[in-house]
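The values are calculated or read from the model by the stated rules, or taken from the named source; none is laboratory data. Keep in mind the model is a prediction, meaning the values are calculated, not measured. Counting neighbours? That spans all protein chains shown, and the Cβs are built from the backbone with ideal geometry, glycine included. For accessibility, only protein heavy atoms count, side chains too; no ligands or nucleic acids. Shrake-Rupley method; radii C 1.70, N 1.55, O 1.52, S 1.80 Å.
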Amino acid sequence: MLGGRRAALAQCFLEAALSARATTAKLIARPAARLEGRVRAPGDKSVSHRALMFGALALGETTVSGLLEGEDVLSTAAALRALGADIVFERDGDRLWRIRGFGVGGGREPGDVLDLGNSGTSARLLSGILASHPFTSFMTGDASLRGRPMQRVIEPLSRMGARFVAREGGRMPLAVIGTDEMVPIEYRLPVASAQVKSAILLAGLNTAGETTVIEPEATRDHTERMLRHFGADVRVTRAADGATRITVVGWPELKGRDVAVPGDPSSAAFAVVAAAIRPGSDVTVENVGVNPLRAGLYETLREMGADIAFENAREVGGEPVADLHVRGGGLKGVEVPAHRAPSMIDEYPILAVAAACAEGTTRMSGLAELRAKESDRLASVAAGLAANGVRHEMGADTLVVHGTGAAPAGGGLVKTHLDHRIAMSFLVLGLAAREPVAVDDGSPIDTSFPGFAALLNGLGAKIGPA
Ligand code: S3P
């Protein structure tokens, strides 16, 4: 067993980190000259959530290095501890996290409501774990998370046998009335969502027989990769119509493993775009996950003329990783195909910033899912562009940004709506605009990228309290 004192310390740390969630903090970014230097991307948020969850579902000890210690991931850690996992971390050296799991189906009834803060990934993936346990649990979150659709996981998990009580429109708080007598399903995803796919596969682990998810459009496959790493039987095949079929065999014996979390391409994106839009910049972001199902932004930036080299390509924790070397220069507008959306779904806000600094028009389509993120991201981006004098048109699922090749006006105050990526994207715009750009609340940045301002300032940016 892990030491009681260490466990208590870890609990203190989790509680302190979660209660330290900063109050509203206005931030401002001032125009900066060229950016230069080497930085390391923070740990991948998606992989970090999954490393903790699979560690909890495994028997024996799992160690995780490179874990993202952002609020979202700490919310997952706290929920898993409430289910009975021992999760401790070592502050020194590599900041190794150690998990002693409860095994598939071995979680205990949480004694209180699980508060998942801002984290949609925690809520959706945990719903799959909770649904397949024979007790009732309750989940809630902040105002952003309580507004996000949960029906997309309620529907398939109900077909498997769980029951749910939600607010109007399938919103949280949510009661999950689980069962350990789930029935396996074959489910075709109506929306391209790795979270929904993962919730079903996680439920399938504690379900007799084979559970299959069919994805018409491929989404990030970290769950599938990690299932295999922990010893589950997963089959991935391509159907005749091009869809991907993912099948997991129930009741595997997952064994504790070592996981190395690669850097997050979605976080690296802010430093990469900041460098790409400041001519003369020379920045390397080390240790960036470049899984093709996550790398759509980098493909798009290259089409816009960005000079980005993938150096030192290697594998970390079963994921492809590279150091991204960016040299700033002129970008041009491009057409971004709708089919690329799943591989860059979190990157449209920062792409819109790149497009605002490019010469010509950038057309983005297939963006309906942006309306279901931490905020209605399509509306948040459009409002931010408007506040900073960037000509654009927003449609139901499209965004067209007209760049002139000259610096955007800037000078706006952007509403972040509890959305970390809106805050970070518009702070990056402030580095390249004629006038400083402010965001009304920078505190959500800690959900995914603690140290964001310090990291960019180390490269020559000027981001600070307004
Ligand atoms: C995630 C999947 C995506 C993404 C989110 C993380 C994941 O959400 O936007 O930030 O870790 O599975 P959807 O599944 O809703 O597309």
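Charges on Cβ only, +1 for Lys and Arg, -1 for Asp and Glu, centred on the Cα centroid of region 45-260; of Ser46, Gly107, Leu68, which one is farthest towards the dipole's positive end?
Looking along the dipole axis, the top candidate is Ser46.
What number of lysine-lysine pairs in the chain show an alpha-carbon separation below 20 angstrom, given a sequence spacing of 8 or more or placement on distinct chains?
Working: Lys26/Lys415; Lys26/Lys462; Lys45/Lys197; Lys45/Lys373; Lys197/Lys373; Lys373/Lys415; Lys415/Lys462.
Step by step, the pairs that qualify in the chain add up to 7.
Could you list which residues have their amide H under 5 Å from that of Leu59, counting only those 5 or more apart in sequence or on another chain, with H placed in the peptide plane?
Amide H neighbours of Leu59: Leu254, Lys255, Gly256.
Please report the antiparallel percentage of the DSSP beta bridges confined to the chain, to the nearest 5.
On the way: 60 of 81 bridges.
Bridges in the chain are about 75 percent antiparallel.
If the chain between Arg302 and Arg391 were fully stretched, how many nm would it gain, using 0.36 nm times the residue separation less the Cα-Cα distance? Display every interim value, and only then the final one.
On the way: separation 89, 0.36 × 89 = 32.04 nm, distance 2.28 nm.
Gain in length upon complete extension: 29.8 nm.
Considering only protein heavy atoms and a probe of 1.4 Å, how much of the accessible area of region 45-260 is carbon and sulfur, as a whole percent? Could the numbers behind the result be given before it?
On the way: 3480 of 7520 Å².
Carbon plus sulfur share of accessible area: 46 percent.
How long is the chain along each principal axis, judged by its Cα atoms, biggest number first, in Å?
On the principal axes, the chain reaches 61, 52, 44 Å in Cα extent.
Whole-Hz ³J(HN,Hα) for each residue in region 361-371, computed from phi via Karplus 6.51 cos²θ - 1.76 cosθ + 1.60 with θ = phi - 60°, x for glycine and proline: what do you get?
Per residue, the Karplus-derived 3J(HN,Hα) values read 9, 10, 10, 10, 9, x, 9, 3, 5, 4, 6 Hz.
Under 5 Å between amide hydrogens, which residues at least 5 positions from His133 or on another chain qualify, with H placed 1.01 Å from N in the peptide plane?
So His133 has HN proximity to Thr179.
Could you report region 411-456's accessible area per residue, 1.4 Å probe, as an integer in Å²?
Values: 1190 Å² over 46 residues.
For region 411-456, the solvent-accessible area averages 26 Å² per residue.
Could you provide, to the nearest whole Å², the per residue accessible area of region 45-260 with probe 1.4 Å?
Working: 7520 Å² over 216 residues.
Value returned for region 45-260: 35 Å² of accessible area per residue.
Please compute the net charge surrounding Ala269, taking Lys and Arg as +1 and Asp and Glu as -1 over other residues with Cβ under 11 Å from its Cβ. Write down the numbers at each step before the final one.
Values: positive: Arg294, Arg421; negative: Asp264, Asp346, Glu347.
Surrounding charge for Ala269 is -1.
Please find the FRET efficiency linking Leu59 to Ala454, where r is the Cβ-Cβ separation and R0 is fixed at 35 Å, and quote it to the nearest 0.05.
On the way: r = 39 Å, r/R0 = 1.12.
E between Leu59 and Ala454, to the nearest 0.05, is 0.35.
Indicate the gyration tensor shape class of region 45-260 (rounded, prolate or oblate), computed on the Cα atoms with a ≥ b ≥ c the square roots of the eigenvalues: a/c under 1.5 is rounded; otherwise a/b larger than b/c is prolate and the rest oblate. Intermediate results must be reported in sequence, preceding the final value.
Values: a/c = 1.43, a/b = 1.14, b/c = 1.26.
Rounded shape, in that the Cα axes give a/c under 1.5.
Evaluate the distance, in nm, between pseudo-label points positioned 7 Å from the Cα of Asp233 and of Arg40 along their respective Cα→Cβ axes.
Taking the two extended label points, one gets 4.0 nm.
With a cut-off of 8 Å between alpha carbons and a minimum separation of six or more residues, what is the relative contact order of region 69-195 in percent?
Details: 210 pairs, mean separation 27.1, N = 127.
So the answer I get is 21 percent.
HN-Hα J couplings of region 236-245 from phi, Karplus 6.51/-1.76/1.60, θ = phi - 60°, integer Hz, Gly and Pro as x?
Values, residue by residue: 10, 10, 9, 7, 4, 7, x, 6, 9, 10 Hz.
Per residue of region 144-161, what does 6.51 cos²θ - 1.76 cosθ + 1.60 with θ = phi - 60° give for ³J(HN,Hα)? Whole Hz please, x for Gly and Pro, Karplus curve as stated.
So the Karplus estimates, Gly and Pro as x, are 5, 5, 5, x, 8, x, 10, 4, 4, 9, 4, 4, x, 5, 5, 4, 7, x Hz.
Indicate, rounded to the nearest 5 percent, the antiparallel portion of the DSSP beta bridges found entirely in region 45-260. Intermediate results must be reported in sequence, preceding the final value.
Working: 28 of 37 bridges.
Expressed as a percentage, antiparallel bridges in region 45-260 total about 75.
Around Gly305, what is the net charge, scoring Lys/Arg as +1 and Asp/Glu as -1 over all other residues with Cβ under 10 Å from its Cβ? Show your work: numbers first, answer last.
Working: positive: Arg302, Lys332; negative: Glu303, Asp307, Glu359.
Result for the local shell: -1.
Using a 7 Å offset from the Cα along the Cα-to-Cβ direction at both Thr404 and Asp258, what is the distance between the two label points in nm, to one decimal?
My value for the distance between the label points is 5.6 nm.
Can you find, among Phe449, Ala386, Ala356, the residue sitting farthest towards the positive end of the charge dipole of region 353-466, where Lys and Arg contribute +1 and Asp and Glu -1 at Cβ?
Selected residue: Ala356.
Multiply the residue separation of Arg245 and Arg95 by 0.36 nm, subtract the distance between their alpha-carbon atoms, and state the gained length in nm to one decimal.
Numbers: separation 150, 0.36 × 150 = 54.00 nm, distance 3.67 nm.
Contour length minus Cα-Cα distance gives 50.3 nm.
Can you give me the % of accessible surface on region 349-408 that is carbon or sulfur? Probe 1.4 Å, all protein chains present, nothing else counted. Don't skip to the answer; put the middle values down first.
On the way: 1010 of 1950 Å².
Answer for region 349-408: carbon and sulfur cover 52 percent of the accessible area.
What residues have an amide H closer than 5 Å to that of Thr361, excluding those fewer than 5 places away on the same chain, when H is modeled at 1.01 Å from N in the peptide plane?
Under 5 Å from the amide H of Thr361: Gly333, Gly403.
Sum up the charges of everything whose Cβ sits under 9 Å from the Cβ of Gly60, counting Lys and Arg as +1 and Asp and Glu as -1, but leave Gly60 out. Please report the intermediate quantities before stating the final value.
Numbers: positive: Arg100, Lys255, Arg257; negative: Glu61.
Computed value for this residue: +2.
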